Ligand SMILES: C[C@](O)(CO)[C@H](O)COP(=O)(O)OP(=O)(O)OC[C@H]1O[C@@H](n2ccc(N)nc2=O)[C@H](O)[C@@H]1O
Ligand SMILES: Nc1ncnc2c1ncn2[C@@H]1O[C@H](COP(=O)(O)OP(=O)(O)OP(=O)(O)O)[C@@H](O)[C@H]1O
């Protein structure tokens, strides 16, 4: 038997850090949503008690470092499943991009294996398992739009943002999430985004307000380390995107665009700047 799951990319409409915690993680407040750019995960039962990962993408680990492998191992151990599984990851989300590609693959694996093996694990438990795999995984389990708190695992589902186009561009650099958090001085953040005002813009479907309230405190670190990300933001604004922000710890920058007529100008203008450019819709 085989099951398929879509693993969509996330973007952070806001990302605020409140303080650094004793456990080394940062207490965050983020508004997150999904976009229509997704990996496709195929899971097939194997008679032998093993986990095999394959992918068409040549640049991700296929062993226990892969988050989908870790998700499968966690479910097998926790629910004492003696069967094996073959997992194929058809990667469309750029890797180490700030789009939670690995986290979304892990979440899709949890959902898919729950179905494949008929385990009947409730959503609340899938969220708890997800939190053991990474801070972004619980949000990827539920999807939709949510305010995430704690280290990212405490979720408050909210309304969908006003529908628009999202142009994503990833410059050809790799950014380490732990390095960016590590270099952030939480006590010296210059400008905190307002989660409340972002939520108000979403609730009231106020697209212009949403664009002007976008904010991510990790930009302070990543944009200084990688000036090309700052240039990419400026370029996207010049090309006519209505609101522009870096997603997660970067380096992907996304632009919100309300009018379809403007999308191709932004998309084509960026193609000269970097190879990984996508024009997609919000997944509402
Ligand atoms: C940047 C975001 O992607 C925004 O959604 C997330 O905050 C990070 O999510 P993630 O990549 O799933 O994070 P994890 O795999 O749990 O942690 C990676 C590293 O990021 C740092 N980290 C992560 C989350 C958090 N709230 N505080 C942190 O300081 C820690 O150093 C950790 O070692
Ligand atoms: N299934 C997977 N897909 C992509 N990368 C994976 C996967 N499993 C493990 N990795 C590893 O995880 C690292 C981060 O990749 P990922 O694409 O998840 O980053 P990201 O989009 O920056 O995540 P986040 O936004 O959650 O910080 C990469 O170095 C990659 O080798």
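The values are calculated or read from the model by the stated rules, or taken from the named source; none is laboratory data. Just so you know, these numbers come straight off a predicted model, no measurement behind them. All Cβ positions, even for glycine, are placed from backbone atoms using ideal geometry, and neighbour counts span all protein chains on display.
Worth pointing out:
- Test result for residue 68, touching a residue at least 12 places away in the same chain (Cβ under 8 Å) and closer than 14 Å to residue 107 by Cβ: yes
- Here is the figure for the stretch 245-284: residues that are over 17 Å from residue 170 (Cβ atoms) and in a loop (DSSP other than H, G, I, E, B) total 4.
- Within the stretch 24-51, the set of residues being touching a residue at least 12 places away in the same chain (Cβ under 8 Å) and more than 14 Å from ligand 2 (Cβ to nearest atom) comprises 27, 29, 31, 36, 44, 45, 46, 47, 48, 49, 50.
- Residue check for residue 9: in contact with a strand residue (DSSP E or B) (Cβ under 9 Å, 6 or more places away or on another chain), within 16 Å of ligand 1 (Cβ to nearest atom), at pLDDT 95 or above and under 19 Å from residue 112 (Cα atoms): yes
- Summed over the stretch 172-194, the residues that are surrounded by 20 or more Cβ atoms within 10 Å (Cβ to Cβ) and away from ligand 2 (no atom under 13 Å from the Cβ) give a count of 1.
- Taken over the stretch 143-163, the criterion of being within 15 Å of residue 123 (Cα to Cα) and surrounded by 18 or more Cβ atoms within 10 Å (Cβ to Cβ) is satisfied by 143, 153, 155.
- Selection within the stretch 112-144 - in a helix (DSSP H, G or I) and within 21 Å of residue 281 (Cβ to Cβ): 139, 140, 142
- Condition check for residue 134: assigned by TED's automatic domain parsing to the domain that holds residue 65, surrounded by fewer than 21 Cβ atoms within 10 Å (Cβ to Cβ) and touching a residue at least 24 places away in the same chain (Cβ under 8 Å): no
- Residue in the stretch 63-111 that is farthest from residue 34 (Cα to Cα), counting only those that are in a loop (DSSP other than H, G, I, E, B) and more than 9 Å from ligand 2 (Cβ to nearest atom): 82
- Applying the set (1) away from ligand 1 (no atom under 16 Å from the Cβ); (2) under 16 Å from the mean Cα position of the chain (by Cα); (3) surrounded by fewer than 24 Cβ atoms within 10 Å (Cβ to Cβ) to residue 90 leaves exactly one unmet item: (2).
- Screening the stretch 229-244 for residues that are surrounded by fewer than 24 Cβ atoms within 10 Å (Cβ to Cβ) and outside any helix (DSSP H, G or I) and picking the one that is nearest to the chain's Cα centre (by Cα) gives 244.
- Sole exception among (1) in contact (Cβ under 8 Å) with a residue 40 or more places away in the chain; (2) more than 29 Å from residue 211 (Cβ to Cβ); (3) assigned to a loop (DSSP other than H, G, I, E, B) for residue 159, by number: (2)
- Taken over the stretch 71-88, the residue count meeting the criterion of being more than 16 Å from residue 140 (Cα to Cα) and touching a residue at least 60 places away in the same chain (Cβ under 8 Å) is 0.
- Residue satisfying all of: in the stretch 195-228; in contact (Cβ under 8 Å) with a residue 60 or more places away in the chain and closer than 16 Å to residue 258 by Cα; surrounded by the most Cβ atoms within 10 Å (Cβ to Cβ) among these: 210
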